[in-house]
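*Asks:* Have a look at the structure that comes next, please.
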Amino acid sequence: MNNVQIAQARLRNQLLAAPAAASPSEVVRWLGAVQAQDYYSAQWALGLRLQSATEQSVETAFAKGEILRTHVMRPTWHFVTPADIRWLLQLTASRVNAKAAYQYRKLELDDAVFQRSNRALTKALRGSRQLTREVLRAAVEKTGIACDDLLRFTHILFRAELDGVICSGARQGKHFTYALLEERVPPAKPLARDEALAELTHRYFQSHGPATLQDFVWWSGLSASDAKSGIEMNEGSLAKEVVENVPYWFSADAALKLPVSSTAFLVPAFDEYLVSYKDRSAAFTSGSSGREMIELGWVIVISGRVVGTWKRSIEGKAVNINLSPFAPLSRANRRLVVEAAQRYGDFLGTQVKIA
């Protein structure tokens, strides 16, 4: 197994090369969680993996609560499914809180403050209300908790998400709202910690493999010890191949060495295809640095390899797409990229202008 085969296997397993999901929730469940701090990027990340999707269909799924956006695993927003949100929080929230401990102290936020703010949020949202940050900030301030520092209030909401008190509601225009998790999410059978660890490990390597232990540690935010235990729990369903003295795990059912057809993708920033690995070198040609390239923005991927970056801007009823390949594209690859741009235009429901 070489880097090209690793990259192409990831295309298949991440549902990019062969979209098989029929709904946004199916994509999110398959991947385990989808990084979503940039909401519009995350919408397109789901659209890329769906058999048929529009921006509006993803928005509708979000508004209905079929997918939720909350802080879980690493200290950033992710899309998760209602069926998974509780056990994911139980498994990873303590690790996220530990990473945020310094900021909590700096902002003079302790358990006593969080108990009061959680009660205030619960009271404001009770009755299936879905409220914006500004409305909730006023409700918390009425209890005597200082919220004039926006960073402080952001961490109050952050902690309430990790405590399983609030989650995303439907958007009001372009404004995000919050809802009570207990009212928005139907009850689900709880998982014991080992069950949750085994399930998250299975989801990751099934959908993101081939991947390493350190990739999984990075993506999940778990300790290396927990990650190792999760792999051991899935020994019967995972296969392993050692590449340059590094073990890679993947679903035992995955077809690793079958080439994918030549296909181009306009991949958004923070997409799981890159952000979910500590070592992203498999997606880059020799001599390129994955860490440096990811900072350039949304990327052009052809047959699993990053070949450039792209930007978008909306102008009237058209989306302008500016392509910045690292090297001139062949005529065939240019055609593939144009097709990928058209898929993005279809997703937005608008005309495409390519520069």
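*Asks:* Just round it to a whole percent: the fraction of Cα-Cα distances in region 264-354 exceeding 17 Å. Write down the numbers at each step before the final one.
*Replies:* Numbers: 1911 of 4095 pairs.
Value for region 264-354: 47 percent of Cα pairs lie more than 17 Å apart.
*Asks:* I'd like the Karplus ³J(HN,Hα) series for region 111-117: coefficients 6.51, -1.76, 1.60, θ = phi - 60°, whole numbers in Hz, and an x wherever there's a Gly or Pro.
*Replies:* 4, 5, 5, 5, 4, 5, 5
*Asks:* Using modelled backbone amide H atoms (1.01 Å from N, in-plane), which distant-in-sequence or interchain residues come within less than 5 Å of L131's amide H?
*Replies:* So L131 has HN proximity to Y178.
*Asks:* By how many degrees, 0 to 90 and rounded to 10, does the Cα axis of helix 82-106 deviate from the longest principal axis of the chain?
*Replies:* 70 degrees
*Asks:* To the nearest 10 degrees, how steeply does helix 193-208 sit against the main Cα axis of the chain, on a 0 to 90 scale?
*Replies:* 30 degrees
*Asks:* I've got another one for you. Of K64/K311; K64/K123; K99/K278; K228/K278, which ones are farther than 26 Å apart at the Cα?
*Replies:* Values: K64/K311 30 Å; K64/K123 22 Å; K99/K278 18 Å; K228/K278 16 Å.
Beyond 26 Å between Cα atoms: K64/K311.
*Asks:* Oh, and also: Using the Cα gyration tensor of region 19-184, with a ≥ b ≥ c the square roots of its eigenvalues, what is the shape: rounded (a/c below 1.5), prolate (a/b larger than b/c) or oblate (neither)?
*Replies:* On the way: a/c = 2.15, a/b = 1.65, b/c = 1.30.
Prolate, because a/c is 1.5 or more and a/b exceeds b/c.
*Asks:* Taking every pair of Cα atoms in the chain, average 1/r, invert it to obtain the Kirkwood radius, and report Rg/Rh to two decimals.
*Replies:* Values: Rg = 20.9 Å, Rh = 21.4 Å.
That ratio is 0.98, to two decimals.
*Asks:* Can you pull out the GluC sites (Glu not before Pro) in region 148-237 that DSSP calls coil and that have at most 13 other Cβ atoms within 10 Å? Walk me through the numbers on the way to the answer.
*Replies:* On the way: sites: E161, E182, E183, E195, E199, E232, E235; in loops: E235.
Sparse-neighbourhood loop GluC sites (Glu not before Pro): E235.
*Asks:* Taking amide H atoms as placed 1.01 Å from N in the peptide plane, list the residues 5 or more away in sequence, or in a different chain, whose amide H sits under 5 Å from that of V319.
*Replies:* Hits under the 5 Å cutoff: Q351, V352, K353.
*Asks:* How would you rank 104-110, 114-120, highest first, on the average number of other Cβ atoms within 10 Å across their residues?
*Replies:* Values: 104-110: 14.0, 114-120: 17.6.
Ranking, from highest mean packing down: 114-120, 104-110.
*Asks:* With each label point set 7 Å from Cα along the Cα-Cβ vector, what nm distance links A327 and R119?
*Replies:* In this crude label model, A327 to R119 measures out at 6.5 nm.
*Asks:* A further question follows. Pull up the cross-link candidates among the aspartates and glutamates for K353, meaning alpha carbon to alpha carbon under 13 Å and not fewer than 8 places away within one chain.
*Replies:* E315, E339
*Asks:* Can you work out the Karplus-derived ³J(HN,Hα) for every residue in region 63-77? Use 6.51 cos²θ - 1.76 cosθ + 1.60 with θ = phi - 60°, whole Hz, and x for glycine or proline.
*Replies:* Rounded to whole hertz, the list is 4, 7, x, 6, 10, 10, 10, 8, 7, 7, 6, 5, x, 8, 6.
*Asks:* Moving to a separate point now. Which residues does a label at E134 reach in region 170-191, if reach means a backbone N under 12 Å from a point 7 Å past the Cα toward the Cβ?
*Replies:* Counting only backbone N, you get 174-176.
*Asks:* Where does each of 22-34, 55-67 land if you order them by average Cβ count within 10 Å, highest first? Intermediate results must be reported in sequence, preceding the final value.
*Replies:* Details: 22-34: 22.4, 55-67: 18.0.
The densest-packed peptide leads the list: 22-34, 55-67.
*Asks:* Same structure again: Can you give me the long-range amide H partners of W298? Hydrogens built in the peptide plane at 1.01 Å from N, cutoff under 5 Å, separation of 5 or more residues or another chain.
*Replies:* A269, W310
*Asks:* Would you order V185, V4 from fewest to most other beta-carbon atoms within 10 Å of each residue's own beta-carbon? Mind dumping the intermediate values first?
*Replies:* Numbers: V185 19, V4 16.
The fewest-first ordering by Cβ neighbours comes to V4, V185.
We did not get these values from a lab; they are worked out from the coordinates using the rules stated. This one's a predicted model, so the numbers in the text were calculated from it and none came from an experiment. We place every Cβ from the backbone using ideal geometry, glycine too, and count neighbours over all the protein chains shown.
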